[in-house]
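**Q** The structure's right below; bear with me while I get my questions together.
The values are calculated or read from the model by the stated rules, or taken from the named source; none is laboratory data. Since the model is a prediction, treat every value here as computed from it, not as a measurement. Here the Cβ positions follow ideal geometry from the backbone for every residue, glycine too, while neighbour counts run over all protein chains shown. Side chains included, ligands, DNA and RNA excluded: accessible areas come from the protein's heavy atoms. Shrake-Rupley method; radii C 1.70, N 1.55, O 1.52, S 1.80 Å.
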Amino acid sequence: MPKQKQPASLFISHGAPTLLETDVPAHHSLRGLAADLPRPRAVVAVSAHFETDRPVIGADPGPETIHDFYGFSRSLHEFQYPVSGSPDIARSIADAMAGEGVEVLVAGDQGLDHGIWVPLALVWPEADVPVIPFSIQPEQDALHHFRLGQALARAVPEDVLIVASGSMTHNLREFRGQGVNSPAPDWVSGFADWIADRVAAGDTDALLDFLDRSPSAARNHPTDEHFLPFFVALGAATASGKQWTGTPLHRSYTYGVIAMDTYRFDRAA
């Protein structure tokens, strides 16, 4: 089967760091993702765990694998994802975004948090696709990140893929006591289903207003930093001002309350 064209962007729910080692459907979905995509020259990885007050792009030629968690297996704490960066591409993206009035700070020593290396180590386990980290601004809203995605997509070369990593649902207060294969309660599945329906309808306005329109938004996202990368990915598909399409590549749940949805977004032809 021929590979599909490169999408405008991907949104990946990265779940817990244990996703790298756990036999769950989301793990296997990410393992097979690269087989259906053209190989990008590099990836711009927008992570929910890279939080700044203004946009920052990483330009480290050999970004560190950051173990920004505790209490997991020794193998996870010792895992290394020895991928290269791409300072030239990072700086060219920052320059192009500045030309659109979006100031982006270039950080020469920015590593990769687990929101980046956990999913990408499944998609490209050989660590042979350069990775450029890009930050979110947790004090800003969905519209800010949607517009950031539009500007980023216009600045990124065509053979560089935008991968936004967050979580379709992210309420860790409800996480305790759940088994990895626990069923999703209605307030979790209802939210993920509503997003899927709005994506299928191409309803940008409803998605941007998810806090008021979607069921159980506040319960699924007590803070919304893990969902903000979704809007960067969505914005990237509208950079040309045309209609967009969104396709769910995977939908499942881990620990009952964590929806592990992956979406690809494409610009309308």
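**Q** Under the rule of at least 5 residues apart or a separate chain, name every residue whose amide H is placed under 5 Å from the amide H of residue 50.
**A** The list, which skips near neighbours in sequence, is 136.
**Q** Which entry in (1) 0.93; (2) 1.03; (3) 1.57 matches Cα Rg over 2.2 N^0.38 Å derived from the coordinates of this structure?
**A** For Cα Rg over 2.2 N^0.38 Å, the calculated option is (1).
**Q** How do 75, 47 stack up against each other in accessible area, from largest to smallest, with a 1.4 angstrom probe?
**A** Listed by decreasing accessible area, they come as 75, 47.
**Q** Using a simple spin-label model with points 7 Å from Cα along the Cα→Cβ vector, what separation in nm is obtained for residue 109 and residue 91?
**A** Taking the two extended label points, one gets 1.8 nm.
**Q** Would you mind getting me the FRET efficiency between residue 28 and residue 126? Use the beta-carbon distance for r and R0 = 25 Å, nearest 0.05.
**A** According to the calculation, E is roughly 0.90.
**Q** Enter the accessible area per residue of the chain (Å², integer; probe 1.4 Å; all protein chains in place).
**A** Values: 11330 Å² over 269 residues.
Averaged over the residues of the chain, the accessible area is 42 Å².
**Q** Can you compute the charge dipole magnitude of the chain about its Cα centre, using +1 on each Lys and Arg Cβ and -1 on each Asp and Glu Cβ, nothing else charged? Give it in debye, rounded to the nearest 20.
**A** Details: 19 positive and 33 negative charges, 127 e Å.
So the dipole magnitude of the chain works out to roughly 620 debye.
**Q** On to the next question. Report in % the part of the accessible area of the chain that belongs to carbon and sulfur, leaving out ligands and nucleic acids; probe 1.4 Å. Write down the numbers at each step before the final one.
**A** Working: 5460 of 11330 Å².
Ligands and nucleic acids excluded, carbon and sulfur give 48 percent.
**Q** Okay, moving on. If you take the Cα atoms of region 149-190, find Rg, then find the Kirkwood Rh from the mean of 1/r over all pairs, what is Rg/Rh?
**A** 1.23
**Q** Report the gain in length on full extension from residue 175 to residue 139: 0.36 nm times residue separation, minus Cα-Cα distance, nm rounded to one decimal. Display every interim value, and only then the final one.
**A** Details: separation 36, 0.36 × 36 = 12.96 nm, distance 2.41 nm.
10.6 nm is the gain from fully extending residue 175 to residue 139.
**Q** Take the alpha carbon atoms of region 129-172, find their center, do the same for region 96-111, and report the distance between the two centers in whole angstrom.
**A** 13
**Q** Then there is this: Where in region 67-121 are there chymotrypsin sites (Phe, Trp or Tyr not before Pro) that are in a DSSP coil and have at most 16 other Cβ atoms within 10 angstrom of their Cβ?
**A** 69, 70, 72
**Q** Where the centroid of each part is defined by its Cα atoms, how far is region 213-252 from region 29-44 in Å?
**A** Between the Cα centre of region 213-252 and that of region 29-44, the gap is 20 Å.
**Q** Enumerate the amide H contacts of residue 42 below 5 Å, restricted to partners 5 or more residues apart or on another chain; note that Pro and chain-start residues carry no placed amide H.
**A** Excluding prolines and chain starts, which carry no amide H, the hits are 161.
**Q** Where in region 79-182 are there trypsin sites (Lys or Arg not before Pro) that are in a DSSP coil and have at most 14 other Cβ atoms within 10 angstrom of their Cβ? Present the calculation step by step, with values, prior to reporting the outcome.
**A** Details: sites: 91, 147, 154, 173, 176; in loops: 176.
Those that pass, being in a loop and sparsely packed, are 176.
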